[in-house]
Ligand code: RIB
Ligand code: CA
């Protein structure tokens, strides 16, 4: 089977963890590089989490490079501080959906030997693109800061990017009155650079990720496998369900939960998992007073502007959960 060369850019995060397991434990993908970006938690923390996951699932050979510790233009922690205010107003649980560590719910071994590379994410991504004899798919699972800077710093390498399969944005699903999705909310300017790059983009936003909700039965099937990766995945999915639903009580979820980032990598493993999508014009607000970071999807096709993003609305849920289970079982 011809494996798809990919770069995964992430900010673990429980759903990033699931995406890394699918990416690194599926025979269909050749993960050339993992990069980290500040988002769910500060850069040092999401990097530690990503290194722990890669080491624990047996993917130590995959290089990891650290990226940006803040958005391109906005203050370092503007999104999480705004969300913290919002959570206080709505009575959310402390430390949000991912907990204080960014990956609460599992104790990884202290002596992780895996270290980041000496070069930073943008350089490492450029090196992978330059050295690859085929186009590479980039899978951003956090704010688009690293990917935007790659596009700006290495315009000569943009043609080596086959597509961007991103978790981010939203079309008609309203998560909060700011109409925002977290990744595009953190770095609106980076999002705009990516959306205007001309690179084929597949956007897995809240419309699809809040339609693919795992439940206890999915966790039980994963924990029936006795390898350490399945155990780790099951424990972290249990924690994420509790924390996500406690962090966003207004969504009314109790015994189901999204696994956002896993959708964007699963769609690269098996594009037939996508059951509903549409090529549309998508922009992002960057100059507003209240809605900066909100993705504006021309789903009614009233702007007459050219389509630039394939917006995913639905996936085959059962086959998606089967893929999650299969990849966890493939891990160490
Ligand atoms: O809005 C969901 C996205 O924000 C996911 O990537 C999650 O990990 C957080 O980064
Ligand atoms: Ca993420």
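Quick notes
- Candidates are the residues of segment 281-291 that are surrounded by fewer than 20 Cβ atoms within 10 Å (Cβ to Cβ) and touching a residue at least 60 places away in the same chain (Cβ under 8 Å); the one that is farthest from residue 305 (Cα to Cα) is 290.
- Single residue of 114, 135, 76 found to be out of contact with any helix residue (DSSP H, G or I) (no Cβ under 8 Å at 6 or more places or on another chain) and either surrounded by fewer than 22 Cβ atoms within 10 Å (Cβ to Cβ) or modelled with pLDDT of 95 or more (or both): 76
- Helices (runs of 4 or more DSSP H) contained in segment 157-248 and holding at least 3 residues surrounded by fewer than 18 Cβ atoms within 10 Å (Cβ to Cβ) and in contact (Cβ under 8 Å) with a residue 60 or more places away in the chain: 228-247
- Any chance residue 32 is surrounded by 19 or more Cβ atoms within 10 Å (Cβ to Cβ) and more than 16 Å from ligand 2 (Cβ to nearest atom): yes
- Subset of segment 252-263 [in contact (Cβ under 8 Å) with a residue 12 or more places away in the chain and closer than 15 Å to residue 93 by Cβ]: 253, 257
- Scope segment 249-280; condition part of a helix (DSSP H, G or I) and surrounded by 16 or more Cβ atoms within 10 Å (Cβ to Cβ); matching residues: 260, 261, 262, 263, 264, 265, 266, 267, 268, 269, 273
- Within segment 1-27, residues that are farther than 14 Å from residue 165 by Cβ and touching a residue at least 24 places away in the same chain (Cβ under 8 Å) have Cβ atoms under 6 Å from residues that are more than 9 Å from ligand 2 (Cβ to nearest atom) and in a strand (DSSP E or B) in these pairs: 3/30; 24/31, counting only partners at least 6 apart in sequence or on another chain.
The values are calculated or read from the model by the stated rules, or taken from the named source; none is laboratory data. On a predicted model such as this, the values are computed, not experimentally measured, just so you know. Using ideal geometry, Cβ is built from the backbone for each residue, glycine included, and neighbour counts are taken over all protein chains shown.
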